[in-house]
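Enquirer: Before we start, here is the structure in question, set down as structure tokens.
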Amino acid sequence: SFVSFMDINGNGVKDKDEDILQNVVIKVDDHELLTDTDGKATITNIEKNTYKIETFSLEKLNGWFPNVNDSIRLEKNKTVYIPFVRGVKVYGDVVLNRQKIAISDKSPIDLSRIKISASNGKLFNTLTDKKGHFEFYLPYGDYVITMDEQILNNTFSVTYNNIPLNLKDSESSAYISFYIIEKRRKVIFKNFTKKQE
């Protein structure tokens, strides 16, 4: 049997004041289970063995993630708890630094829909808004945060990308910025004078 719940204090144990979670998918190799209104799902007549396990919620949990290993040993009747823990809010901005001469002759650049990724073996993605702001929730652990540079043309470049980030359970949020600079353009000033007769 599996029991899925919101592990508010992070101790991995279902305490009385912690809510159960229904509609959580639990995949044990080729077997797929769904927790009921009591947060429970049961698998029967399965051979003793070590199995790959995956779990995720069908409902949006706003930054809560399953805190389980990627495999499980099943060898006798037992209850396995599937705790969901709160992740860390990672937020930041893509900041554009333009040449002064460019600012005067162009309208503000829309910085929306730039993909920001976090990788730790698994991949998490989010997109920026019009002003370049982004945010997402990540489970605790070590990550590399990356801005998609493919959206940049030859005029712009990122000063520092692939930023390492360690998220600890003592943190509630982390801030990261990506700086895009406009490559310097050669400006030629011409002096126009009246032709004398």
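The values are calculated or read from the model by the stated rules, or taken from the named source; none is laboratory data. Quick caveat, the model's predicted, so the values are computed rather than measured. Neighbour counts run over all protein chains shown; Cβ positions are idealised from the backbone, glycine included. The protein model used for the area step is the full one, side chains on, heavy atoms only, and it has no ligands, DNA or RNA in it. Shrake-Rupley method; radii C 1.70, N 1.55, O 1.52, S 1.80 Å.
Enquirer: Roughly what would the spin-label model give for Tyr179 and Arg98, points 7 Å off Cα along C-beta, in nm?
Expert: Each label point lies 7 Å from its Cα, and together they span 1.9 nm.
Enquirer: Label-point separation (nm) for Met6 and Lys130, each offset 7 Å from Cα along Cα-to-Cβ?
Expert: Going by the 7 Å Cα→Cβ label model, 3.3 nm.
Enquirer: Report the FRET efficiency, 1/(1 + (r/R0)^6), for Thr50 and Lys122, where r is their Cβ-Cβ distance and R0 is 30 Å, rounded to 0.05.
Expert: Computed FRET efficiency for Thr50 and Lys122: 0.90.
Enquirer: Accessible area per residue of the range 12-163 at 1.4 Å probe, in Å²?
Expert: 64
Enquirer: Suppose R0 equals 25 Å; then what is the FRET efficiency for Ser71 and Ser170 from their Cβ-Cβ distance, rounded to the nearest 0.05?
Expert: 0.35
Enquirer: With mean projected area of the Cα convex hull in nm² as the read-out, I listed [x] 15.7; [y] 22.6; [z] 17.9; which label goes with the value calculated from this structure?
Expert: [x]
Enquirer: Taking the Cα centre as origin and putting +1 on Lys and Arg beta-carbons and -1 on Asp and Glu beta-carbons, what dipole magnitude results for the range 37-103, to the nearest 20 debye?
Expert: Once rounded to the nearest 20, the dipole reads 240 debye.
Enquirer: While we're here: Which longest run of the chain has no exposed loop site in it, a site being chymotrypsin sites (Phe, Trp or Tyr not before Pro) in a DSSP loop with at most 16 other beta carbons within 10 Å, and the site itself not part of the run?
Expert: That gives 1-159 as the longest site-free run.
Enquirer: Multiply the residue separation of Leu34 and Tyr81 by 0.36 nm, subtract the distance between their alpha-carbon atoms, and state the gained length in nm to one decimal.
Expert: Answer, rounded to one decimal: 15.5 nm.
Enquirer: Got a number for the accessible area of Lys78? Probe 1.4 Å, square angstrom, nearest 10.
Expert: It works out to around 90 Å².
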